[in-house]
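Please treat every number below as a calculation from the coordinates, not as lab data. Only a predicted model underlies this, so the values are computations on that prediction, with no experimental measurement involved. Here the Cβ is made from the backbone with ideal geometry for all residues, glycine too, and neighbour counts use every protein chain on show.
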Number of protein chains: 2
Amino acid sequence: MTKPSQYKVIGTRPIRHDGVDKVTGRAVYGADVQLPGLVHGKMLRSSHAHARIKSIDTTSAEKLPGVFAVVTGADLPCLAGKMANLGEGAINLAHLSQNCLADTKVLYKGHAVAAVAAISPHVAEEAVKLIRVEYEPLPPVMELLAAMQPDAQLLHDDVFTNRLGEKSARPSNVSQHIHLEQGEVDQAFAKADLVIEREFRTASVHQGYIEPHVSIAFWNADGHVTIWTSTQGAFTVRQQTAELFEIPVSRITVIPTEIGGGFGGKIPVYLEPVAAALSRKCGRPVKMTMQRDEDFQGTGPTPGSVVRVKLGATQDGKLVAGQAWLAYDAGAFPGGMIGPGCMCVFSCYEIPNARVDGFDVLCNKPKTAAYRAPGATQAAFACESVIDELAEKLGIDPIDFRLKNAAKEGTRRPDGEVYRRIGIIETLQAVKQSEHYRSKTSGPNVGRGVAAGFWFNVGLKSSAAANVNNDGTVTLIEGSTDIGGTRTSVAMQLAETLGIAAEDVQPHVGDTDSVGYTDVTGGSRVTNATGKAAYQVGLDIKQQMAARAAIVFECKPEQVAVEGGVYRHQGQALTFKELAGKLPHIGEPVVGRATVDAGGATNGFGVHVVDLDVDRETGKVTILRYTAAQDVGTAIHPSYVEGQMQGGAVQGIGWALNEEYVFNERGEMLNASFLDYRMPTALDVPMIETMIVEVPNPEHPYGVRGVGETPIVPPPAALANAIYRATGVRMRELPMSPPKLWKAISRSAPPA
Amino acid sequence: MTKPSQYKVIGTRPIRHDGVDKVTGRAVYGADVQLPGLVHGKMLRSSHAHARIKSIDTTSAEKLPGVFAVVTGADLPCLAGKMANLGEGAINLAHLSQNCLADTKVLYKGHAVAAVAAISPHVAEEAVKLIRVEYEPLPPVMELLAAMQPDAQLLHDDVFTNRLGEKSARPSNVSQHIHLEQGEVDQAFAKADLVIEREFRTASVHQGYIEPHVSIAFWNADGHVTIWTSTQGAFTVRQQTAELFEIPVSRITVIPTEIGGGFGGKIPVYLEPVAAALSRKCGRPVKMTMQRDEDFQGTGPTPGSVVRVKLGATQDGKLVAGQAWLAYDAGAFPGGMIGPGCMCVFSCYEIPNARVDGFDVLCNKPKTAAYRAPGATQAAFACESVIDELAEKLGIDPIDFRLKNAAKEGTRRPDGEVYRRIGIIETLQAVKQSEHYRSKTSGPNVGRGVAAGFWFNVGLKSSAAANVNNDGTVTLIEGSTDIGGTRTSVAMQLAETLGIAAEDVQPHVGDTDSVGYTDVTGGSRVTNATGKAAYQVGLDIKQQMAARAAIVFECKPEQVAVEGGVYRHQGQALTFKELAGKLPHIGEPVVGRATVDAGGATNGFGVHVVDLDVDRETGKVTILRYTAAQDVGTAIHPSYVEGQMQGGAVQGIGWALNEEYVFNERGEMLNASFLDYRMPTALDVPMIETMIVEVPNPEHPYGVRGVGETPIVPPPAALANAIYRATGVRMRELPMSPPKLWKAISRSAPPA
């Protein structure tokens, strides 16, 4: 492994390749796509949180002048019982289809029921109002623990509890029960000097990407479907849409536009199949754009949760036993985030005896979707709060307590994963030695909190290709949609490999027809896996360039030495640029390509420290100072790494302090706008300080681990721990919003 | 070499992949491109054929409301004396620049002088009228032989005659004198039994593509230029534009749109640099679309010519000596088509003693551009007319005479080329045995003519890549813009290689950022060279697929046998589609890529036979029957091959009978519209019969030679020879239009 400091491009901070287009407004987002003959689609959404659909009458809507097509669930194939693996495990295709357009039931307020394509969005809105739906309302199931009861109102009669691969006898709102166990848990608890068990709750929160969902679909006369969409994964949209229409993937081309944020929420299809169905009916391209309330009510938030964590430790601060019980709401269809929740709950620590039970629970909320380290934040809020309480009760510094118990190479998790080289210890040590942590806090209502967080980061499949231009630059085509700057972080790895400047690689994101298969931009995998593909593209090009140099040098290719982008043989030397300039005269063009299956987890750990002040009279928390430290493997472009750490921390802060879906008793969301759903703004947080720790991933040529998700994991626990130090109150429910915190403070110390 | 009949895909006639889009009007041509903030450019063109520009005043135009930018030649870099190789030999960049926007002189009526970008095309037109240009008129030089005189008015003072690499002492309108010679020419003529020498003239004719030139350019704030354009070569436009602005090629992205015909006329840049200069000034994308009169007067026709051919034969019909003198007008700037004219004039025959002199001559017409086998038709008109006269005088059937003298493997041409395996003899024999040729003509004014024709066809560089989808289809990305169906002919070669159906390959033409360097679509090279790249892509994919099959079969990759798209090992077998379906579970995605430098000529020969009827009272020719035979190597998609042969024949017929630039004494074209410039329509010609002869090219994996250009070469001579048989009149000037033919007939047989 080359040490980071030996790199020429990696670790520098070049201007992003797409910067000018983003800053000047030239970048093409979904809403910018215009096509000849384009018509506009609008969705009719359920006003009930739970109801049977008795009939849908679209006659009046169809007759409205300017209307081209109306579709309902009946326009999608019946997929009852069909399963498919769409890259995130097998899913029930009927459920995916029903989430795009309801079938016989609506399962949440805002559930799509029908859609209209018309000459303008306004006509489409008018037509939507003319669709008559007869509903038979059912009691909404909104509360997680109630939903789990055997006698609860059921959402589906085809969902059974899956426990270790076995199906329950009767239908249930619990679609999955995960059980993990290692060691002798009960015996270990019995022997522990100190055991603490607590219950925690978190609310549903939304990804809150700034750009609403938008898709344009054109179903051509030859049956070929072209989709322009704001997505994290063009190939994922292609696969999902193909499955929903039961057509081969090659009949679909997905052109990913620029994306105004995703955070996991732009992986499932919502509009794409509906726009395609409308287009098939009317023969024109159809554009559908969500309003913000549709994004809140019709697309996936992250699960609300109830988590119970019990930890046992020895007097000298060694964790000996752990037990976690996690119930996450999946929303209206199975397949929530309970799996990663179970995997992550104890992942920062070496706990030889541990048991984890996790439950995926249906309720009448929008189907949940991934949100930055999906499932990990809820689990960490619980675990890291109990860790903090243990440390406090044992009189051990919270960092030292974590250092005593930190996972390391060889540590085995309850799910069976055994870590290779990881960097949580280095990250904890970095925080311990930091100026922030060594500084003192002061003030009566000021407290400091610490929490660790983990995300596994994935590998998966990526493709890349690159063409050498005769001016010495290289054009890179990659299949990964760029949410957080990966065009640049991937290009930099190709530049490093070729020994050229970052600016001399021009990265482009291809559509599904112009680049090899590439998995979704998610799991913090792109800089790792697509970066690895870029590295291999570089090796491929280097080999070809050496062969061309051999023609110039009149020697054998294997006699050409390549170092730092210079090709040499016996006193002759050519830079990459010089050699590229000769290409037109020495044979065929030079094109490199690579495909990778980057495999499993790269395991990223973060430790956050927060100083905050609590206004006891209002319950409002003011963050005074915040530091996020993280082992990122190798920081390819440190500014982007810092940006990811800052962005994740701020999202975690929003989740911790303010964000939540507020429902009334009918299951209607009451705050489906950015005015009422309180996300933090720049005025709400100080500049987030960052500490990049680099423990290179031994399985990546440049040591990359992935960065983007881990930083959302520690904030709620860090803030809760800091609030305790400031107020003496342990908050165990998110959000720790002013009314709730004020109430808790008041309860703990009633006004004199 | 596999025999054509052994192919499964090659030689079949699948529906073209782009058919539905073309038929339904969905295909995106340049005129369809719309962009946010788009403004419209219009050109001010010279009203003089030859004048010095004393001043240009753009003040009033700039002040017109709605005008965003005005540019003149001063907005392009001064490139005096700079040369560059743009794929068709070294050219003077100052000339290329001056042809896009005049510098100190205008050199033809319609020469671009200035351009305006405005909010609408109408405002731009108004603004163009407000530009004041002060001209000092000069005498126009329109006649080829006069232009060659030492005392002729000069177009340029920096053009000297280049003869065998040596520059003349004084400037001249003759920019090049080519001299080729082999054997003992004068002695051979002296010994010949029969010598005939004749002079021929042809008029300037235009490519007449149906879609006028159109380009959109956007010069971004970061200096990156994006160009959408109707072009035969995206990389060629990129290179030319880069040279004109003196910027690296990587700062330009060229996105080729669908193209409504090119025939060689869409290789040079005309609008691209002007639109780019306007965009640089105003910061908006600028669209420029030519009107038909601009295409005629501002873009390259093919050269008018004077050609003298002298041939000597023995009494028994053996050619012993040949001499040709060719003068082609280049138009306003050097670099006409004289090179290929000299190369092609005697290329059908074995003439051991031959001398060729060719002259590239400047005159005040639009700069000529390539037009389907550029330069060959003029030469063949002369040579094939003399051949016919020799055969007639010697009393030998014209096919037999050609068979006696036909070139074959080993024949050496005056330019030094020695043929490898070629197919003119097979083509002549096919015609000789054809029902058409064996049929009798009847009628007093009916005649049959025969002529042969040759085009060398080029190889050059191509890149291609392909991605395997898990539904068993393959997406192909190629760099060759598709004028005549090459998406399909290239895709078929990949399908053949992989053993899958043509429909299972989906071809796409990439832009300059998304595919490796690929030379222009010209020289009948794409099905050959890009097809070869597709074949190599197929081999690359096959190898990877075999390795995946080995994983399934649990054997070594080299133990997997692949035949006809089936992968086998010891009784186990997987079709390509089955194996593709397993790819998600057995490693990284499969992507193939190849780049080729397909090298030199593949040498295509055609023989045409025409039966026609001459109306002696009007001079109007009616074509009764027409057969085009050609050695195409291997016909990948026979329908396309036939279409190319038919299209070329019809263009040759138009050139022969009607098409010409008509100039007045001031050098003004009088017929710059499709109403007045008489191109043949479907009503003017019978269905052209075709005979595909297949003598596979030994240097191509599937034997491809290239097809598109050869068929335009024989028609004028075939028609002239037929007119002679019908009327006794030898026409030696094109077009053989009714007035000229009537006059010639009248002269030969004055009315009683």
- prompt: How many angstrom separate the Cα center of segment A:614-668 from the Cα center of segment A:699-724?
  reply: 11 Å
Semi-axes of the equivalent ellipsoid for segment A:646-752, Cα gyration tensor, largest first, Å: 32, 20, 12
task: List the distances, in nm and shortest first, from the label point of residue A:151 to the matching label points in every other copy, placing each point 7 Å from Cα along the Cα-to-Cβ direction.
output: 12.1
field: Simple label model, 7 Å out from Cα along Cβ direction - residue B:393 to residue A:125, nm
entry: 8.7 nm
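Estimate the FRET efficiency between residue A:687 and residue A:570 by the formula 1/(1 + (r/R0)^6), using the beta-carbon distance for r and 60 Å for R0, to the nearest 0.05.
Values: r = 55 Å, r/R0 = 0.91.
Computed FRET efficiency for residue A:687 and residue A:570 comes out at 0.65.
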Under Karplus coefficients 6.51, -1.76 and 1.60, residue-wise ³J(HN,Hα) of segment A:632-646 in Hz, glycine/proline x: 9, x, 10, 7, 5, 10, x, 5, 5, 4, 4, x, 5, 5, 5
Mean Cα-pair separation over length for segment B:80-164, i.e. relative contact order, pairs under 8 Å, 6 or more apart, %: 13 percent
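Working out 0.36 nm times the residue gap between residue A:197 and residue A:281, then minus their Cα-Cα distance, what length gain in nm do you get to one decimal? Intermediate results must be reported in sequence, preceding the final value.
Numbers: separation 84, 0.36 × 84 = 30.24 nm, distance 5.75 nm.
Between residue A:197 and residue A:281, full extension yields an extra 24.5 nm.
Specify whether the C-alpha gyration tensor of chain A places it in the rounded, prolate or oblate class, a ≥ b ≥ c being the square roots of the eigenvalues: rounded for a/c under 1.5, otherwise prolate if a/b is larger than b/c and oblate if not. List each step's numbers first, then the result.
On the way: a/c = 1.81, a/b = 1.07, b/c = 1.69.
Taking the square roots of the gyration eigenvalues as a ≥ b ≥ c, chain A is oblate.
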field: For segment B:143-190 versus segment A:7-56, the gap between their alpha-carbon centres in whole angstrom
entry: 63 Å
task: Using the 7 Å Cα-to-Cβ label point, sort the distances from residue A:599 to its equivalents in the other copies shortest first and give them in nm to one decimal.
output: 4.4
Cross-link reach list, lysines versus residue A:440, counting only Cα pairs under 18 Å and skipping chain neighbours closer than eight places: A:432
query: residue B:506's amide H: which non-local residues (gap 5+, or another chain) put their own amide H closer than 5 Å, with H modeled 1.01 Å from N in plane and none for Pro or chain starts?
result: B:474, B:475, B:476
message: What does the extension gain come out to for residue B:585 and residue B:246, with contour length at 0.36 nm per residue minus their alpha carbon separation?
response: 117.1 nm
- prompt: In nanometres, what is the gap between the two model label sites at residue A:420 and residue B:52, each 7 Å from Cα along Cα-to-Cβ?
  reply: 7.7 nm
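Quick one: grab the alpha carbon gyration tensor of the protein assembly as shown, order the square roots of its eigenvalues as a ≥ b ≥ c, and give me rounded if a/c is under 1.5, else prolate or oblate depending on whether a/b is larger than b/c. Display every interim value, and only then the final one.
Values: a/c = 2.26, a/b = 2.23, b/c = 1.01.
Prolate is the answer for the protein assembly as shown, as a/c is 1.5 or above and a/b outweighs b/c.
With a sphere of radius 13 Å drawn around the Cβ of residue B:435, what net charge do the other residues whose Cβ falls strictly inside it have (Lys, Arg +1; Asp, Glu -1)? Before the final figure, lay out the partial values.
On the way: positive: B:432, B:438, B:440, B:625; negative: B:611, B:689.
Here the charged neighbours net out to +2.
List the pairs from A:109/A:287; A:8/A:577; A:82/A:105; A:266/B:582; A:310/A:393; A:281/B:577 whose alpha-carbon separation is above 21 Å, in the order I gave them.
Values: A:109/A:287 23 Å; A:8/A:577 17 Å; A:82/A:105 19 Å; A:266/B:582 27 Å; A:310/A:393 15 Å; A:281/B:577 30 Å.
Among A:109/A:287; A:8/A:577; A:82/A:105; A:266/B:582; A:310/A:393; A:281/B:577, the Cα-Cα distance tops 21 Å for A:109/A:287; A:266/B:582; A:281/B:577.
Based on DSSP, what percent of beta bridges with both residues in the protein assembly as shown are antiparallel, to the nearest 5?
Values: 208 of 272 bridges.
Counting only bridges with both partners in the protein assembly as shown, antiparallel ones make up about 75 percent.
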- line: Counting sequence-distant residues (5 or more places) and residues on other chains, those with an amide H built under 5 Å from that of residue A:321 are A:312
message: Restricting to DSSP H runs of at least four residues, report the calculated mean residue ellipticity at 222 nm for the protein assembly as shown, -39500 (n - 2.57) per run over all residues, nearest 500 deg cm²/dmol.
response: -8000 deg cm²/dmol
task: Give me the distance between the Cα centres of segment B:460-489 and segment A:476-508, rounded to whole Å.
output: 25 Å
- request: Along Cα→Cβ, 7 Å out, is where each label goes; now give me the distance between the ones at residue B:22 and residue B:146 in nm to one decimal.
  value: 4.4 nm
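Taking each residue of A:460-467 in turn, how many C-beta atoms of other protein chains fall within 10 Å of its C-beta, and what is the average? Display every interim value, and only then the final one.
Details: counts 0, 5, 2, 5, 1, 9, 1, 14.
Averaged over the peptide's residues, the number is 5.
Estimate the FRET efficiency between residue B:292 and residue B:38 by the formula 1/(1 + (r/R0)^6), using the beta-carbon distance for r and 22 Å for R0, to the nearest 0.05. Each step should come with its number before you reach the end.
Values: r = 22 Å, r/R0 = 1.02.
Efficiency, rounded to the nearest 0.05: 0.45.
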statement: Interchain or sequence-distant (5+) residues whose placed amide H lies within less than 5 Å of the amide H of residue A:161 are A:168, A:172
field: Label 7 Å beyond Cα on the Cβ vector: residue B:29 copy-to-copy distances, nm
entry: 3.5
